[in-house]
Structure formats: structure tokens, C-alpha cells
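The next block holds one structure in the form of C-alpha cells; read it before the comments.
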Amino acid sequence: MSDYFMMEGYGLYIWSSYAITAVAMVFLLVTSLRGLGQSRIELDQLETLLKSRRPRRSKSRDARP
Amino acid sequence: MHRFAKPSVFLKLADTLMPWMIAITVITGGTGLYLGLFWSPADYQQGDTVRIMYIHVPTAWMGLFCYVGMAICGAMSLIWKHPLADIAARATAPVGAMFTALCLITGSLWGEPMWGTWWVWDARLTSMLILLFLYLGYMALVNAFDDPERGSKAGSALALVGVVNVPIVKFSVDWWNTLHQPASVARMDGPSIDPSMLWPLMLMAVAFTGYYFIILAIRVRSELNERRIRALQLSGLFEQGDGTTSGSALYDQGHNAGAGK
């Protein structure tokens, strides 16, 4: 088995190519998902904020002389 | 074409296709890795280092594929001013840049044991490095302006000009016969590579393509959300005058992003 991982002495080159590729692909996936989650949270907050603001402001406008 | 360019239709389509894309990516990726690492034989000249090919070559294809996709989207956003084309181009750039960088890195890791050097200013390697710079330039340019529309105009123009580099990458090995080996799969007379190596190569290419579409769907969705946020913030400022302007009227397509689950 360790012979297999040695890959005739080229193991370091081969396994590092696979490892770097895997790490990069997982990294991009995770950052993309995180960005999506962040944008959803921000959008939700903004939408509830705008919704809660609207009636209050109309009330204050009515109260103005 | 225009039907799919509507964000709500795109998001619905992306939702339907997502489980399939994940399944295809996982199955072809897993099989490709197994075949490439265990089943396929070592090369008679290059020994086991040939296994680097199963990621090196598909990443190179993806680098070119993503670039062409990005340039087409750039052209569509310049001609029809469709925001979704611009969003797709922006979402493609980091994936393409990553694949191009991975191609250069794995190529280096293959070059050192086989050519005796990490890097050489061979035509194929140099044009691939230029491709990476085109991606990085595009990403820097689209975000360099306060007005996103100006950024996407400048970026699209750069992406379109950079298309000349794509055939240069493809044919560099024929035009300048230096160190990098010529094509062995996409040839006029059919692939000259043994099926035991062609199979893992093709499966990995399919897996990377599936991965690209997954990332594309995720990034388009979050960019639509970002635009909706920007539109709401703008309308929120205006609304202090009178409460009648709604965010969706200002930026309609963002609305659909908020509706996505």
C-alpha cells in the first residue's frame, strides 16, 4: 500500500496536485455558499426593517401639522 | 434565449437542475478519481506522473470554457444590456481563474519531474498565464467603479478583447513547437490516447463542468440578492421623502432573488 502512495517516487508531485485542486475547489464552494448566506441574512434584515418603518413613518406624517 | 434570461426563470431552472448537477458532479468525480488513481495504468514514458493529467487537462479545458462563457455573457451584456448576462459573467470569472491557476500549478508539478523544470516560457504556458491575468484583470476592473454598470462595460470590453488569446492557447502547441506536448484528445483524426486514460480524463472533465454550474448558480443567486439589497437601500433613502416608491419598482429582477428559497 505504501508503494502505491509513493507512486514510483513521484508521489509528492501527484498527491500535491490532487490536494491543491481539492482544497481550491472546496474553498471556492465554501466562500460562494457563505456569500449567499450572508446576502440572504442582509436582505431579510433590510426587508423587515423597511416593512417595520413604513407604517410608523406614515403615522408621523399624519401627525405633522 | 431571452426567456431564460429572466432571473425568475433562471432561478427556477437552477433550482430544478441543482440536485442533478450535484449528482452528476459527485458520481463522475468519484468514478473519475477512482479510474484515474487506481484503474488506469502508469504511462510507459512518464510513469505514474501521468495521473496528474486527469486534473491538469480538465482544469485547462475549464479555464478556456469559462473564459468563452464569460466573454459571451460580456457580449450579451454589452449588446442587450441584460443584467443577468453581466451577473453570469461576474460569477464565472472566479471559477475560470481558479481552474486556470490550478492548471498552471498542476502543470508545474508535472513539469518538474518530467521536464526537469517548474516553469518555462513555452508558448502554451505563457498564453495560459495570460489567460489567468485576463481573468484577474476582469475581476479587478468590474469592481473598480462605484457605478456597477460602468464596471461591467469595461470588464465586458476586456473579456471580449481577451478572446483572441483563446485560439492562441489552443493552437500554441502546433504553431510553436517547443516543450509542451501537442493535443492528444481534441484532434482532427480522433483522440490518440488509450481508452484507459481517456475515460478518467473525460469523467473528470464532466465533474469539473458540473462543479462550474453549481458555483455559477450559487454566485448568480447571491449577486441577485446583493443587487436587490442595493436597490432597497436606494429606495429606502428616497422613501424618506414619500412612502410610495417601492424597491421592486426600482430594480425589478432583484425581487425574484428574494423569493428564492
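The values are calculated or read from the model by the stated rules, or taken from the named source; none is laboratory data. Bear in mind the structure is a predicted one, so any value in this text is a computation, not a measurement. Virtual Cβ from ideal backbone geometry, glycine too; neighbours counted across all protein chains shown.
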Query raised in the report: Where residues in segment A:32-49 are hydrophobic (A, V, I, L, M, F, W, C) and more than 22 Å from B:MET98 (Cα to Cα), which of them is farthest from the other protein chains (Cβ to nearest Cβ)?
Result: A:ILE41
Requested in this report: Among the residues of segment A:12-31, count how many are within 8 Å of chain B (Cβ to nearest Cβ) and over 16 Å from the mean Cα position of the chain (by Cα).
Outcome: 7
Report task. Out of B:GLY47, B:GLY30, report the one residue that is touching a Phe, Trp or Tyr at 6+ places or on another chain (Cβ under 8 Å), farther than 24 Å from B:VAL166 by Cα and surrounded by fewer than 22 Cβ atoms within 10 Å (Cβ to Cβ). Result -> B:GLY47
**Report entry** B:ILE218 vs. criteria assigned to a helix (DSSP H, G or I), among the β-branched types (Val, Ile, Thr) and either at pLDDT 85 or above or within 30 Å of B:LEU35 (Cβ to Cβ) (or both)
**Finding:** yes
